[in-house]
Amino acid sequence: MAFLIKSMVGSQMKSFGFGDSGEEKKETGDASDPAAAQGMTREEYEEYQRQLVEEKMERDAKFVQRKAERATVRVHLREKYRLPQSEKDDNQIQMAGDDIDLPEDLQKMVVADQDEEEEKGSILGQIQNIPNMDMDQIKEKASATFTEIKQAAEEKCNVM
């Protein structure tokens, strides 16, 4: 019923200039051409869409790279503290491929940790870890003992 009234009255109103035929044309134009909706030509719109896709791919690649770097750091820490390995970290590293490089700050930290571990592994490093141990005092006692032994040997030996 509404359709019948609209068609009868609408056609008479259009003749007076009150019709909404311009709005109907805009609606059909918007639905069929998204470039026109953005106020661009078709070529500009296609170029814009291509740039958006490229930027998204670059962001995704950087994101995967950073996730792999973090996973690498976690793997190093797990090895250092002898914790169980995570399969998730291994998968993230494999997804990034062979392009995984730790940032310079993290590389310096890893090298410093390795140097520290090597020092702790030596005999002097183990002695220094003993609580209430003064290395300077031990060195002085050792040199004093060596000097005493040398003097005692000189007194007893006729050749020296």
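The values are calculated or read from the model by the stated rules, or taken from the named source; none is laboratory data. These numbers were taken from a predicted model, which means no experiment stands behind them. Cβ sites come from the backbone with ideal geometry, for glycine too, and all protein chains shown count toward neighbours. SASA here: full protein model, heavy atoms, side chains in, ligands and nucleic acids out. Shrake-Rupley method; radii C 1.70, N 1.55, O 1.52, S 1.80 Å.
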Quick check: anything in the range 64-87 open to solvent by 60 Å² or more (accessible area, probe 1.4 Å), part of a helix (DSSP H, G or I) and more than 27 Å from Gln114 (Cβ to Cβ)? no
In the range 18-37, is there at least one residue being farther than 30 Å from Val110 by Cβ, at pLDDT below 65, open to solvent by 100 Å² or more (accessible area, probe 1.4 Å) and hydrophobic (A, V, I, L, M, F, W, C)? yes
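What's the total number of residues in the range 102-113 that are part of a helix (DSSP H, G or I), of a type outside the set (Gly, Ala, Ser) and exposed (fewer than 12 other Cβ atoms within 10 Å of the Cβ)?
Summing the residues that are part of a helix (DSSP H, G or I), of a type outside the set (Gly, Ala, Ser) and exposed (fewer than 12 other Cβ atoms within 10 Å of the Cβ) in the range 102-113 gives 5.
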Filtering the range 107-134 for residues that are at pLDDT 75 or above and in contact with an Asp or Glu (Cβ under 9 Å, 6 or more places away or on another chain) leaves a count of 1
Going by what's in this entry, would Ala96 be described as within 15 Å of the chain's Cα centre (by Cα) and at pLDDT below 85? yes
